[in-house]
Amino acid sequence: MAKPILEMKGMCKRFGSTVALDKVDLTVYPGEIRGLIGENGSGKSTISSIAAGMQKADSGEMVFKGQRWNPASMVEALEQGFGMIVQEQGTVPGISIAENIFLGGISQFAHGPFIDRKKLMAAARQVLDRVGMDSVDPALPMGLLDMQDRKLVEIAKVIARAPDIFVVDETTTALSQIGREKIYELMREQKAADKSVLFISHDLDELLATCDTLTVLRDGKLGRSFTKDEFDPDLIRTSMIGRELQGDYYRSDTQATCRKEIALRAEHLTAGQAVQDVSLAVHKGEIVGVGGLSQCGMHDLGKILFGAIKPDAGSVTTGSGAAITSEAVAMKQGIGYVAKDRDVESLCLSASIQDNIAVAGMERYAVHDFLILGGRERKYVDQQIGELSIKCAGRDQQVSQLSGGNKQKVVFDKWIGRGSDVLILDCPTRGVDIGVKQAMYQLMVRLKGEGKSIVMISEEMPELIGMCDRLVVMKDGRVTKEFTRGPEMTDTEIIKYMI
Amino acid sequence: MDKNDKLAVSYRRRQTLITVLPFLALAGLFGALCAIVTAKGYRLDMYLKIVFNEGVVLAIVATGAVFIYTLGSFDISLGASTLFSATLGVLTYNATESLPLMLLVIFAVAVGCSLFSSVLASVFHIPVFVTTVAMMSVLSAVAAQLITTYGGALGGISIPSEVVKPLDKPLFKIIVLVVFSALCIFVFNYTKIGRRQKFLGGNPVCAQLTGISLNKYAIIAFVMAGLGVGIGAFLTLVYTPSVTTTTAGSIGMNIIVAIVFGGMPISGGARSRIYAALVGGFSYILLNNILMLLVDSNAGYGISQIISAVFFLVVVFVTGINYRTQILPR
């Protein structure tokens, strides 16, 4: 067997009293795509970020390309051939796409004190083409790009340095199917060049399809490692969470069901090029899915339904006929919105769990809709924390300290606690582990049973098929097909109308 | 005790320490001032009176300003607003000899200036900092013009001291401070307004998507700050019934330092506290007076300013360390 490209032995890391890594060993070989899987907070990002120079381990040894490895920064690691695409934002919004791609390496385009912009743009163009961003001008400011394109630029930034090992940390959750295919292709190219990939994801299917080996982490400890011939989804899931999943994962019923009354109606919505003449009706007790490629307009549609984007034409009304013209009006009418970009749009990371949950539900506990009394507020928040079993040190804990899954539970609590009748969920299971995903799905089924309505916008076809009563497929801002829950709602049928 | 409990205990201990530290610093500075004044053989009562009178004005204006700072905004024009309000107040009294009218003008001008800044920022989408820098220049210039026109370049303008002398009593100032602080604490901690402002300061994008209007709460914040400026301008006249071009000149910058000294992050958000302005305001004045006593030379003022600035940087660095270590990778 070839010598490993990366060896990590006995890695330990603590954050205060939290043990993030407890004597974890990890080995990656040339030409290998190694998957890393585990629940939120299991230590996947911590171990990969230590290897990539983002932070230091408390103890442990690392060897990279046969040399002792202890990079001082991510830039140094990247220069030495260790590239990592981080889970959250890793780009700088105020500078151009090209400057982002060559951040830290811009001096290669220098002529004395000046930068050869033409050369810089040409080099950026080449890399952007490799990640499928052929229509994007590298001179544009980074801040103009949406989340998916920002992520693609991050990928471009890493592959521009042709790294020997390439860490993909939950990157695919931010990408549409096309974006995902692109990154799988880059991984395969890396493997073909006898280079390595460390692939972190919560999506077991994509890990099984892409990886040669799979390592499970649990509570900061090394779990079992699987080779390709040992891949067994049930065994891997059990190894991840330390128990078997109880109950159904998706909905168990196969027929569409809902009440007669309409909860939310959108008529002839048009907003720029993003949404074109979209009409939609959501009934009480119904889960309506909206699917498509990331740029199909579905995310904008979610914001329009919540009043966050004013449409150029068309209207959104509730079942009682009230027009939704702003976020505040939507909330008054019992509508809640879970945004795709959780850390930016759904949570205040510097605030506590209490602040985040309480802010949306003041009407529920404020005296005369104005006066906030601590006892009533705490009781309300504790009830919500218990409702979704958020794993936390207490309601005062800062949200930034929570794992992705528990952060998402806080977001759900924020809207469910205030008794929202209609929930618009944009990628509700993005970046959450399998156990939390199941909890979310079970919650959605319970809410449906209570007569609540859900608009579920998702880039994950299995969850749309598994959860929705109806599925609206969008392409280029328009609705191309509507499916009703049943045998004909299959991924092969759906994809025909997405692409 | 399981892992989560331990984490909770260590987190609460750290939070308690952060809360207690500014109070300990205030007590330490108070003790230091008393010790230094006594050691130098100066009159302690005179120094305490100076600290109290300067501290009350700074604490009140800073308390109102907390509402703006909570939003993550920055108003550097509050000193100039105080000067401008006091100037128009003096001119009004001299023209009408009516104390109620003077008060009315002071408050109307203070709140009006604040509102004007906030409306400029929200209607024209100009960053608040930019509008307040412009306001600072305009208000200082107009006030200076009025003062030199009506009082001469060196003399300044004044009202008869007997008009406000009955109010120049510690009890009156304490009552004003307590009432205004209580109002601010109530609005900030016990109403939807304060909670929403903290959330807006923490993440405006998320706040907007939670139905919170930035413009509405920015206007409320500036009104509260305007009230603080109005009271500050009036108390300035009560202490010294004259206005010169340098009156309240440094308040705008002192507020920033005071708020940070009081333990509030300069970026606002969830960790904003009203008491930060009160504790920080008095701490800053105490520190200034201590430095003036210790650096007893012609260069004293400059050196004490430099030491204050270093102190400020240290406090920001320490609060920054605490914030940074709380962020864990996922």
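The values are calculated or read from the model by the stated rules, or taken from the named source; none is laboratory data. Predicted model only: the values in this text are computed from it and were never measured. Glycine gets a Cβ as well: all are built from the backbone with ideal geometry, and neighbour counts include every protein chain shown.
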For segment B:59-95, what are the residues that are under 12 Å from B:Ile159 (Cβ atoms) and in contact (Cβ under 8 Å) with a residue 60 or more places away in the chain?
-> B:Ala86, B:Thr87, B:Gly89, B:Val90, B:Leu91, B:Tyr93, B:Asn94
All-but-one check, A:Thr254 against (1) at pLDDT 90 or above; (2) of a type in the set (Ser, Thr, Tyr); (3) more than 26 Å from the chain's Cα centre (by Cα), failing number (1)
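Table: residues versus (1) without any contact (Cβ under 8 Å) to a residue 60 or more places away in the chain; (2) surrounded by fewer than 16 Cβ atoms within 10 Å (Cβ to Cβ); (3) part of a helix (DSSP H, G or I); (4) within 14 Å of chain A (Cβ to nearest Cβ).
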residue: B:Pro166; (1), (2), (3), (4): yes, yes, yes, no
residue: B:Leu171; (1), (2), (3), (4): yes, yes, yes, no
residue: B:Ile175; (1), (2), (3), (4): yes, yes, yes, no
residue: B:Phe188; (1), (2), (3), (4): no, no, yes, yes
residue: B:Arg196; (1), (2), (3), (4): yes, no, yes, yes
residue: B:Leu200; (1), (2), (3), (4): no, no, yes, yes
Index of the failed condition, A:Ala51 passing every other in (1) buried (at least 20 other Cβ atoms within 10 Å of the Cβ); (2) touching a Ser or Thr at 6+ places or on another chain (Cβ under 8 Å) | (2)
Matching option when the condition is under 27 Å from A:Leu204 (Cβ atoms) and touching a Phe, Trp or Tyr at 6+ places or on another chain (Cβ under 6 Å), among A:Val473, A:Val436, A:Val445, A:Val410 | A:Val473
The residue from A:Leu264, A:Leu301 that alone is under 28 Å from A:Glu493 (Cβ atoms), touching a helix residue (DSSP H, G or I) at 6+ places or on another chain (Cβ under 7 Å) and outside any loop (DSSP other than H, G, I, E, B) is A:Leu264
Per the filter on segment A:57-94, residues at pLDDT 90 or above and among the β-branched types (Val, Ile, Thr) are A:Val63
What is the residue count in segment B:109-130 for residues that are in contact (Cβ under 8 Å) with a residue 24 or more places away in the chain and out of contact with any Pro (no Cβ under 9 Å at 6 or more places or on another chain)?
-> 13
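I'd like to check something: does segment B:37-57 contain any residue that is within 14 Å of chain A (Cβ to nearest Cβ) and in a helix (DSSP H, G or I)?
Checked against the condition, which is being within 14 Å of chain A (Cβ to nearest Cβ) and in a helix (DSSP H, G or I), segment B:37-57 yields no hits at all.
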Return yes when A:Met456 is at pLDDT 95 or above, more than 14 Å from chain B (Cβ to nearest Cβ) and within 16 Å of the chain's Cα centre (by Cα) and no when it is not.
-> yes
Is it true that some residue in segment B:5-13 is polar (S, T, N, Q), free of Cβ contacts under 8 Å to residues at least 12 places away in the same chain and within 14 Å of chain A (Cβ to nearest Cβ)?
-> yes
A:Asp116 being among the acidic types (Asp, Glu) and touching a strand residue (DSSP E or B) at 6+ places or on another chain (Cβ under 8 Å) = yes
Out of curiosity, is A:Gly291 in contact with a Leu (Cβ under 7 Å, 6 or more places away or on another chain), buried (at least 19 other Cβ atoms within 10 Å of the Cβ) and at pLDDT below 95?
-> yes
Spans of helices (runs of 4 or more DSSP H) in segment B:245-326 with at least 1 residues farther than 20 Å from B:Asp75 by Cβ and at pLDDT 90 or above | B:275-294
Out of the residues in segment A:146-167 that are in a loop (DSSP other than H, G, I, E, B) and hydrophobic (A, V, I, L, M, F, W, C), state the one that is surrounded by the fewest Cβ atoms within 10 Å (Cβ to Cβ).
-> A:Ala162
Among the residues of segment B:58-79, the number that are small (Gly, Ala, Ser), out of contact with any Pro (no Cβ under 9 Å at 6 or more places or on another chain) and not in a helix (DSSP H, G or I) is 1
Go through A:Gly90, A:Gly83 for me and flag whichever is crowded, with 20+ Cβ neighbours inside 10 Å and either away from chain B (no Cβ under 14 Å) or at positive phi (or both).
-> A:Gly83
Selection count, segment A:467-483, where residues are within 10 Å of A:Gly289 (Cα to Cα) and either touching a residue at least 60 places away in the same chain (Cβ under 8 Å) or in contact with a Cys (Cβ under 6 Å, 6 or more places away or on another chain) (or both) = 7
From the list B:Thr82, B:Thr16, which one is in a helix (DSSP H, G or I), β-branched (Val, Ile, Thr) and over 19 Å from the mean Cα position of the chain (by Cα)?
-> B:Thr16
Tally the residues that are away from every other protein chain (no Cβ under 11 Å), within 20 Å of B:Ile266 (Cα to Cα) and out of contact with any Pro (no Cβ under 7 Å at 6 or more places or on another chain), restricting the search to segment B:202-222.
-> 6
